[in-house]
Amino acid sequence: MTDTVLSTLSVAEVRQGLASQQEQQDPMEGFRSIFISDALSIGALKFGSFTLKSGRSSPYFFNAGLLCSGPLLDTLASAYAALIATQFPRDSFDVLFGPAYKGIALAGATALCLHRDHAISVSYAYNRKEAKTHGEGGWVVGAELKGKRVLILDDVITAGTAIRQAIDGITNEGGTIVGVVVALDREEVGGGIEVVPGGKSAVKDVDDTFLGGKGAVKAVVRMRDLITWLDKNGRHDDVTNMQAYWEKYGVKDA
């Protein structure tokens, strides 16, 4: 608990530093470091050996569902808000959308942080797993999407299935997707244990298919950022394992 409280205090300090972010080489660096530290402290991010659904043996594992306390959500949502404020012009989006279920808290908390930390007022919405047929009815809860420019917020894009479903739903509601923001980009090509020649990452596939290949899928932390953090913190065995995984499965055109 002490580690989490200390990290949360650092979030406030990083927010204050955004006022002079033009003097920083990378204004997101502080948020990444705090996010990685907090995720490690409660086991949301682990390094070791983990078998993924794809059958690959991964040297790390991330479970955003464990970021389930006020201080931890503050850390994550503050990072999302800072990334959005620096990567998406204010007049380029109208609504934040959080796919059920993990995206719901992300969208609401990030809308609050954008207002509190960046003076950006934006609505948010999320979906029901099954459309409601009584009362107000419908698939969407929150802001109306028709005619709106929508940023989707989620934890991670693995196979891209959840994001594709969200995009289909938003499009059916009359909204336009202008970007996707995630906590972690694994930066690895899709497929199973064997790599398919010329294969894309799930992030690249979503960007090319739905966003015109404009690089509009943004992540708070990428695999390369994890390697940098591990190196800075002297975790050399983990660095070696991560680099070996990158050589085998990592995207080489990022």
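The value of relative contact order for the chain, using C-alpha pairs under 8 Å at least six residues apart, is 16 percent. Taking the charge dipole of the chain about its Cα centre, with +1 at Lys and Arg Cβ atoms and -1 at Asp and Glu Cβ atoms, the residue from Pro89, Trp139, Ser123 reaching farthest to the positive side is Trp139.
For a paramagnetic label modelled on Arg164 (point 7 Å from Cα along Cα→Cβ), amide N atoms under 18 Å away belong, within the range 217-254, to 217. Residues in the range 85-94 carry Karplus couplings, in order, of 5, 9, 10, 10, x, 4, 8, 9, 8, 10 Hz; the curve used is 6.51 cos²θ - 1.76 cosθ + 1.60 with θ = phi - 60°, and Gly or Pro positions show x.
Might you report the magnitude of the Cβ-based charge dipole of the range 138-250 about its Cα centre, with Lys and Arg at +1 and Asp and Glu at -1, to the nearest 20 debye?
Details: 14 positive and 17 negative charges, 73 e Å.
Here the range 138-250 has a charge dipole of around 360 debye.
Could you calculate the contour length gain from Leu40 to Ser123, that is, 0.36 nm times the residue separation minus the distance between their Cα atoms, to one decimal place in nm? List each step's numbers first, then the result.
Values: separation 83, 0.36 × 83 = 29.88 nm, distance 3.11 nm.
Length gained, Leu40 through Ser123: 26.8 nm.
Looking at the range 160-210, the GluC sites (Glu not before Pro) that sit in a DSSP loop and have at most 14 other Cβ atoms within 10 Å of their own Cβ are Glu194.
Using DSSP to define loop residues, name the trypsin sites (Lys or Arg not before Pro) in the range 103-175 whose beta-carbon has at most 14 other beta-carbon atoms within 10 Å. Don't jump to the answer; show the numbers that get you there.
Details: sites: Arg116, Arg128, Lys129, Lys132, Lys146, Lys148, Arg149, Arg164; in loops: Lys146, Lys148.
Filter output for the range 103-175: Lys146.
Accessible area per residue for the range 134-254 is 50 Å², calculated with a 1.4 Å probe on protein heavy atoms, without ligands, DNA or RNA. With contacts taken as Cα pairs under 8 Å at a separation of at least 6 residues, the range 44-93 carries a relative contact order of 26 percent.
Remark on Val141: its backbone amide H falls under 5 Å from those of Tyr126, Asn127, Arg128, a criterion applied only to residues 5 or more positions apart or on other chains, H modelled at 1.01 Å from N.
Of the GluC sites (Glu not before Pro) in the range 84-166, the ones in a loop by DSSP (not H, G, I, E or B) with at most 13 other beta carbons within 10 Å are Glu136. Close amide H contacts of Tyr60 (hydrogens built in the peptide plane, cut-off under 5 Å, sequence separation of 5 or more or a different chain): Gly48, Phe50. Distances between placed amide hydrogens fall under 5 Å for Lys218 paired with Val180, Val181, Val182, all partners being 5 or more residues away or on another chain. Here mean projected area of the Cα convex hull in nm² was computed from the coordinates, and among (i) 14.3; (ii) 16.6; (iii) 68.0 the match is (i).
Using unit Cβ charges (K, R positive; D, E negative) and no other charged atoms, how large, in debye to the nearest 20, is the dipole of the chain about its Cα centre?
Charge dipole, the chain, about its Cα centre: 420 debye, nearest 20.
Derived scalar couplings between HN and Hα for the range 59-65 equal x, 8, 8, 10, 10, 5, x Hz in order, rounded to whole Hz, by the Karplus curve 6.51 cos²θ - 1.76 cosθ + 1.60 (θ = phi - 60°), x for Gly and Pro. Here's the picture: a label point sits 7 Å out from the Cα of Lys252 along the beta-carbon direction, and within the range 185-212 the residues with their amide nitrogen under 11 Å of it are 197-199.
The values are calculated or read from the model by the stated rules, or taken from the named source; none is laboratory data. What you are looking at is a predicted structure, and each value in this text was computed from that prediction instead of being measured. All Cβ positions, glycine included, derive from the backbone under ideal geometry; neighbour counts span all protein chains shown. The protein model used for the area step is the full one, side chains on, heavy atoms only, and it has no ligands, DNA or RNA in it. Shrake-Rupley method; radii C 1.70, N 1.55, O 1.52, S 1.80 Å.
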